[in-house]
Each structure stands twice: as structure tokens, then as C-alpha cells.
Amino acid sequence: MATLLLLRHGRSSANTAGVLAGWTPDVHLDDTGREQVKRLSEQLADLPLARIVSSPLERCQETAAAVAAPHAGLQVETDEDLGECKYGAWTGRKISELAKEPLWRTVQDHPAGAVFPPSEDFESESLAGMHARAVAAVRRLDAEIEAQHGNQAVWCAVSHGDVIKAILADALGLHLDQFQRIMTGPASLSVVRYTPNRPFVVRVNDQARDVADLMPTKQESSGDATPGGSTGVAEESDQDTATTGSDSAGKAAGHDTVATGSTGSSAVDVAD
């Protein structure tokens with residue numbers, strides 16, 4: 001089974017401004033975001049990455065380019081299905097304003113029913129539509145990469161907070177209505193391994209740990225989980241290790257998560 005590294009882009013100028021960027025053009029990493037992805041690139045430098053596929057949006061492209069840089073000959077590919085949720089008329093607005101909209105409660109409490117309002121300037125979609133396209137994209141790409149590079153392949157998908165949360169919810173067997181329980185900070189690493197039987201979620205929202213356990217091994221996994229839990233022995237590391245990383249993204253106002261994940265701001269949990 002191939003290993004999928006889900007990377008959220010580093011902190012962006014929209015994150016610090018408290019704005020829901022969505023598909024707004026020319027939203028780039030800020031100084032902190034560039035520093036974050038530099039560390040991420042160093043963290044992943046020794047992994048034999050087969051491919052790196054990114055959302056077309058600049059903040060993800062910049063993150064992907066930094067991660068690809070230490071890997072000679074590795075080119076960043078683009079897949080629109082990894083792009084941000086299409087927030088329509090919510091795009092470019094302050095999170096503090098959006099939190100007063102009636103739709104905000106649907107996004108928080110029943111995201112499977114959330115449909116973003118249309119706009120003349122930006123496309124809109126439902127969270128369920130975003131979830132379907134993103135999950136289909138990573139499963140398609142994972143199957144392609146395993147067929148091309150073998151079942152020990154390691155590859156990266158660089159995307160956005162809500163998109164990664166939706167992919168993780170699917171891998172965890174959660175209904176989309178539960179995906180707001182998942183946190184993915186800027187420049188965070190989450191890891192999924194798809195098997196014929198089930199996906200294994202290996203890491204979530206990891207922002208600091210060593211990645212030696214993600215190196216390919218010669219042992220093939222049956223796709224079965226280890227009763228009693230993984231032993232921690234290297235050759236069993238691809239069985240069912242599930243590790244939740246620290247959340248350095250700061251505290252959200254109240255108990256709501258922002259439409260597109262945490263920003264790394266210590267003051268407020270602002271959108272992607």
C-alpha cells in the first residue's frame with residue numbers, strides 16, 4: 001500500500017487577516033508560512049517521494065515547491081480536485097462577519113447539509129460536493145501511484161484545511177457531519193495508507209515529529225489491523241499506527257472551528 005502524505009499549506013496572508021480566502025487569486029504564504037514550509041521541507045527531505053500533487057492555488061503551490069526542492073527531478077503536479085472548497089459569496093469576507101450568518105451554524109453543526117451561496121465572482125459548492133471530489137481525487141491518485149511505483153511508494157498531496165479534514169473523515173469512517181472534530185494546522189502533516197480492506201490513518205495534524213517510520217519497508221501489509229494495537233516494532237509500523245499530532249494552531253473562539261481549519265494564529269482560529 002502506498003503512503004499518502006497530506007500537507008496543508010503554510011500560513012497565508014489571508015490567515016493573518018482573518019479572511020476566508022477560498023479561490024481568491026494572489027493569496028500567498030506570509031513570512032511565518034514560508035518559515036513553516038521550510039521546516040516541513042527539511043522534515044520530509046529524506047523520504048523517497050514518488051510524486052507531489054497540489055491544489056492550483058498559490059499558497060499550496062508555494063508549499064509544494066518548497067517540499068519538492070530537496071528532491072532532484074521531482075516536479076509539482078496540479079490537480080484542481082485538491083483545490084479549496086468553493087465558498088461562493090462567502091469568499092473574501094471576514095470570518096468575524098461570516099460567524100453571524102445563519103449558514104455558519106449549519107457549517108458547524110451539520111456540514112453535510114451546508115451549501116455555500118452563489119456569487120458572480122466565485123463558484124460555489126456544497127461541503128458534501130467538496131468532500132466527494134477530494135476523496136475521489138486522492139483515491140484515484142493513490143491507485144495510480146501504487147500501480148506506477150509499487151506498494152511502497154510515498155507521495156504528497158498539498159491542499160487546504162477543509163479538504164484535508166474531509167479526506168481524513170472518510171479514511172476514519174466518519175460521516176461528514178463529524179469532520180469539524182478534526183484539526184489541521186498550517187503546514188501540518190497527516191498520513192493515510194489505503195489498503196484493499198480499509199484505510200489506516202497513521203498521523204493527524206503532525207507539525208513536529210520525525211518521519212523515519214514513514215520510510216518504505218520490504219514487508220508488505222495484509223491490510224489487517226494488529227489486535228491490541230501496533231507494537232511499535234519497525235516492521236509492523238505500517239499495520240495500524242494512528243498518531244494525533246499536537247495542535248499548535250491556537251484556540252478557537254467558543255467551540256466552533258473555522259470553515260477551513262486553523263491558521264496558527266494564537267488569537268483566533270481563522271480560515272484558510
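The values are calculated or read from the model by the stated rules, or taken from the named source; none is laboratory data. If you're wondering where the values come from, they're calculated on a predicted model, not measured in any experiment. Cβ placement follows ideal geometry from the backbone for every residue including glycine, while neighbour counts extend to all protein chains displayed. Note: areas computed on protein heavy atoms with side chains; ligands, DNA, RNA excluded. Shrake-Rupley method; radii C 1.70, N 1.55, O 1.52, S 1.80 Å.
Near PHE200, the amide H atoms lying under 5 Å from its own belong to ARG193, TYR194, THR195; only residues 5 or more places off or on other chains count, and H is placed 1.01 Å from N. Please report the net charge: other residues with Cβ closer than 10 Å to the Cβ of LEU141, K and R +1, D and E -1. That works out to -3. Using alpha carbons only, the radius of gyration of the stretch 22-174 set against its Kirkwood radius gives Rg/Rh = 1.00.
Overall dimensions of the stretch 66-142, expressed as equivalent-ellipsoid semi-axes from the Cα gyration tensor (√(5λ), whole Å, largest first), are 30, 16, 12. Computed from backbone phi, the HN-Hα couplings of the stretch 5-22 come to 9, 8, 10, 7, 4, x, 4, 10, 4, 5, 4, 6, 7, x, 10, 7, 5, x Hz, rounded to whole numbers (Karplus: 6.51 cos²θ - 1.76 cosθ + 1.60, θ = phi - 60°; Gly and Pro given as x).
Phi angles of the stretch 35-43 translate, via the Karplus equation with coefficients 6.51, -1.76, 1.60 and θ = phi - 60°, into HN-Hα couplings of 5, 4, 6, 4, 5, 4, 4, 5, 4 Hz per residue; Gly and Pro are given as x. Here is the list for the stretch 31-111: trypsin sites (Lys or Arg not before Pro) lying in DSSP coil, each with at most 13 other C-beta atoms within 10 angstrom of its C-beta, are LYS100.
Close amide H contacts of THR3 (hydrogens built in the peptide plane, cut-off under 5 Å, sequence separation of 5 or more or a different chain): ALA153, VAL154, TRP155. Evaluating 6.51 cos²θ - 1.76 cosθ + 1.60 at θ = phi - 60° for every residue in the stretch 149-161, the Karplus couplings come out as 10, x, 7, 9, 5, 10, 9, 10, 10, 9, 8, 10, x Hz, glycine and proline recorded as x. At a probe radius of 1.4 angstrom, the accessible area of the stretch 83-129 per residue rounds to 50 square angstrom.
Here's how it looks for THR184: its modeled amide H is under 5 Å from those of SER262, which are all 5 or more places away or on a different chain.
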